[in-house]
Amino acid sequence: MLDAPEALGAIAGGGRANDGFKLHLKVALAATCLGLWLLWIGILGGAFGEAENRIDFHDVWAGASLAADGDASAAYDDARLAAEQEGLPGSDTGFYKWLYPPVFFLFVLPLGVLPWLAAFVLWVVATASLAITAVRRASGEWMALAAFMAPATFFNFLIGQNGLLTAGLFAWGMLLLRDRPVVAGAVLGLMTYKPQFFPLVLLALLAGKEWRAAAAACGTAAAIAVTSLVAFGPATWDAFFETAADAGREIYRDGGFVTLEKMASVSAMLTLAGVSATVSQVAQILASLAGAIVVVVLWHRKTVPEYRFAGLALASLLATPYLYQYDLTLLALAVLWMGIRLRAGSELILWHRALFVVALMAPVLGTAMAQQTGVVIGPMVILSLLVLVCAKALPGSSRTSLQGVISGVRS
């Protein structure tokens, strides 16, 4: 979500002449991305012949459809879910499993009563709006336009995954934390739909003594869990725990239904490199502990908000073994916050920009590189950014407010 045209302008020398160039370049690129997405909608809808490629949204719509029919637990039954996905574009190439906890049905239930293509458009627009409005709130109007063009954003546009929902909830939770901590906590509690990202978020709130936000997060998490239990029944939760256990084992086994080449976790990197499951699990646990330590230090010391937010996003990514490329919207958020802070302090130099570009391209290049070389670059990129955050944040304990930084950037 880094402003690529702005970076190019800065490298070229900046100035008022560049402002018009950057504006026109952004608009042109955004229009191109929108046009490509509309073309993709047409392909999926059969306007240009039969679409051969399946997309990840198939499992979201199929699970929501089963839940809307009063049979949510069937989403965890591979045969039932596959049957629900029959006839969708590219579905003859296989199907996507439902791996989410039952609380996710509360997010997607309305989609199950719509035709799948209409549901796809609604899902992408809604989740993208959540994420991009947060970016606009944090950094200004044109950075939000750049966020629309970011690879991680566009990747989620094409396959209908939930990376933008995760990024939107995380970003709004961080942005509301200072002035509306209860609302911020409630928003962050919704992240339990993807439970691997919630533990470090809660740890950060506790380390930062954000007691009201932490209580609201826990309360929201408990409320939606109980609601899903009542709405969909205990059998749905039993099915989820069984499916989650199977998925956990697959992460450490090359050739299973989990595609390691598309992942960006420490466990995927080591497993794909031929390391034993035991060693991979130990390394993942150590990475999780390291991430937790960084979060406690950054939030307990009350470092500047951008570094706290970026550090938490990066540590959350590093800590989870189940991390697909579409989840790297959180990585893009980290790049955004780091870029804001470094630029405000006149510390944004060329090698920072180069690292940011590599990070932003990780969703595009990571899978291709892993397929060709067997090397997963995601963890190395995440760790590099986390080291940079620590190097910049920990020598001092400035309490500069987020609003003050934003004002400095805009001026």
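The values are calculated or read from the model by the stated rules, or taken from the named source; none is laboratory data. Source: prediction; values computed, not measured. Neighbour counts run over all protein chains shown; Cβ positions are idealised from the backbone, glycine included.
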Out of (1) among the aromatic types (Phe, Trp, Tyr); (2) surrounded by 16 or more Cβ atoms within 10 Å (Cβ to Cβ); (3) more than 17 Å from Phe170 (Cβ to Cβ), what's the single condition that is false for Trp337? (3)
If you go through the range 182-235, how many residues are in contact (Cβ under 8 Å) with a residue 40 or more places away in the chain, farther than 16 Å from Leu312 by Cα and of a type in the set (Phe, Trp, Tyr)? 2
Specify which of the listed residues (Ala344, Ala359, Ala354, Ala368) is crowded, with 18+ Cβ neighbours inside 10 Å, among the aliphatic types (A, V, I, L, M), farther than 24 Å from Tyr100 by Cα and free of Cβ contacts under 8 Å to residues at least 40 places away in the same chain. Ala359
Tally, over the range 237-261, of residues that are under 27 Å from Ser73 (Cβ atoms) and surrounded by fewer than 22 Cβ atoms within 10 Å (Cβ to Cβ): 17
Restricting attention to the range 286-311, and to residues there that are at pLDDT 95 or above and among the β-branched types (Val, Ile, Thr), which single residue is nearest to the chain's Cα centre (by Cα)? Val295
One residue from Val230, Val201 being in a helix (DSSP H, G or I) and under 19 Å from Ile293 (Cα atoms): Val201
